[in-house]
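Everything on this sheet refers to the single structure shown next.
The values are calculated or read from the model by the stated rules, or taken from the named source; none is laboratory data. This is a predicted model, so every value here is computed, not measured. No Cβ is skipped: glycine too gets one built from the backbone with ideal geometry, and neighbour counts run over all protein chains shown. These area figures cover heavy atoms from the full protein model, side chains too; ligands, DNA and RNA do not enter into them. Shrake-Rupley method; radii C 1.70, N 1.55, O 1.52, S 1.80 Å.
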Amino acid sequence: MTAQQPGSVRMFDGLPSELGDTLARLAAVGARISRRIARGGLEEHLAGAVGTNAGGDGQKALDLIADEAFHAALEGSAVRWVASEEREEASPINPAGSLALAIDPLDGSSNIETNVSIGTIFGIYPAEATAEASFLRPGHELIAAGYIIYGPQCAMIIATPGGVRCAILDPDSGGFAPAPLLRDIPEGSCEYAINASNYRHWPAPIRAYVDDMVAGSDGPRGRNFNMRWIASLVAELHRILIRGGVFLYPGDDRPSYAQGRLRMVYEAAPVAFLVEAAGGAATDGCERILDQVPGSLHARTPLVFGARDKVARVATYHDLDDTETSALFTRRGLFRS
Ligand SMILES: O=P(O)(O)OC[C@H]1O[C@](O)(COP(=O)(O)O)[C@@H](O)[C@@H]1O
Ligand SMILES: [Mg+2]
Ligand SMILES: [Mg+2]
């Protein structure tokens, strides 16, 4: 692999130049954030609390550092609008720009001080005359989506209608190097990811689905499963792209969690676009994420994504009637795999 300088457009060969340039700018910022994370705790405390964002989440220092760095890097670019998790309203950048960028500048903020993988998630639409028209639209209108993962290895994964690209940051040169293309999401994994501490708050179909996996070889699925929960969406996504499995963040009955925790515009839609490009599926439990239109910039949605067969199975639990979802798993023989 040949290392390239951050921001080099070679990584984005074959893409329209304005899109390639925008992605190169995101890559350059990602490389700088990765270095800053690696030095976290030496000169600065990146996990220090600094405020609250429009979604009501506490903001950490790195949330704002990343948000400001991405906005600054887009000055003079083809980006007309930026919608960020950290800003209540979308920001106008270049009135003549043709692109609209939705971004979660720093995903997995609760993990900053724990030295666990965190990331940046983004989706790019053709820009419209207003921010609302640019972002409040179905995700299938995205022209690119991707993420940068800041982990033991920093990698950037991008999906366009032409396929999925992967590049890895060479820490010696400071440049991204193209890496072999990922395969489609593997089927047959026994791993699922969900924050099980919310079990008592979940709707009955999600409880039934998880009950049947927890029952393992003694239950209707007749096999054992393994659970993972990193609490960094990018890290769960990266694992699922590499190894398969399924991720669930359902709506639940906690105050303000009726639509789950994850936001449609800059988390769920870009993730869904990428997962579908990698041969997987993404739904809100039943319906395809990419067909849904968010009602506002920070609207939440339940999110289920991963291997197609697993995501489809979650939907089948929503077709069961109440007596079946509330029954003990031994009564759901229907789902024996
Ligand atoms: O703490 P919980 O409820 O398990 O939620 C974890 C989820 O929240 C997130 O951290 C939300 O993203 P932000 O860190 O960008 O707010 C996801 O990365 C993760 O999947
Ligand atoms: Mg996030
Ligand atoms: Mg975030």
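Near Gly188, once Lys and Arg are set to +1 and Asp and Glu to -1 for all other residues with Cβ below 11 Å from its Cβ, the sum equals 0. Taking all protein chains as shown and a probe of 1.4 angstrom, Thr323 keeps an accessible surface of around 90 Å². The trypsin sites (Lys or Arg not before Pro) found in region 23-87 that occupy coil by DSSP, while having at most 15 further C-beta atoms within 10 Å, are Arg39. For region 162-217, the dipole from Cβ point charges (+1 on Lys and Arg, -1 on Asp and Glu) about the Cα centre works out to 220 debye, to the nearest 20.
Calculate what fraction, in whole %, of the accessible area of the chain sits on carbon and sulfur atoms when a 1.4 Å probe is rolled over the protein chains. It is 51 percent, rounded to a whole number. Just need the relative contact order of the chain here, percent rounded to a whole number, with Cα pairs under 8 Å and 6+ apart. Averaging sequence separation for qualifying contacts and normalising by length gives 16 percent for the chain. Considering only Gly279, Ser232, Ser217, the residue lying farthest towards the positive end of the dipole of region 191-335 is Ser232, judged by Cα position with unit charges set on Cβ.
Heavy-atom accessible area with a 1.4 Å probe sorts Ser326, Ser189, largest first, into Ser326, Ser189. Take Met213: with every protein chain present and a 1.4 Å probe, its accessible area is about 10 Å². Gyration tensor over the Cα atoms of region 112-247: the corresponding equivalent ellipsoid has semi-axes (square roots of 5 times the eigenvalues, largest first) of 31, 21, 16 Å.
What ratio of Cα Rg to 2.2 N^0.38 Å holds for region 191-335? For region 191-335, the normalised Cα radius of gyration comes out at 1.00.
Taking all protein chains as they are arranged and a probe of 1.4 Å, the heavy atoms of His201 leave approximately 40 Å² accessible to solvent.
Whenever you get a sec, line up Ser256, Ser232 from highest to lowest accessible area (probe 1.4 Å, protein heavy atoms).
Reading off the accessible areas and sorting them downward yields Ser256, Ser232.
Taking the charge dipole of the chain about its Cα centre, with +1 at Lys and Arg Cβ atoms and -1 at Asp and Glu Cβ atoms, the residue from Pro92, Thr130, Val50 reaching farthest to the positive side is Val50. Charged side chains reduced to their Cβ positions (Lys and Arg at +1, Asp and Glu at -1) give region 185-306 a dipole of some 280 debye around its Cα centre.
Compactness of the chain is given as radius of gyration and Dmax, 19.8, 61 Å, from Cα positions.
Loop-resident GluC sites (Glu not before Pro) (DSSP state other than H, G, I, E or B) in region 50-132 with no more than 13 further Cβ atoms inside 10 Å of their Cβ: Glu75, Glu88, Glu89.
Going by the alpha-carbon gyration tensor, a ≥ b ≥ c the square roots of its eigenvalues, is region 119-192 rounded (a/c under 1.5) or, if a/c is not under 1.5, prolate (a/b greater than b/c) versus oblate? Oblate.
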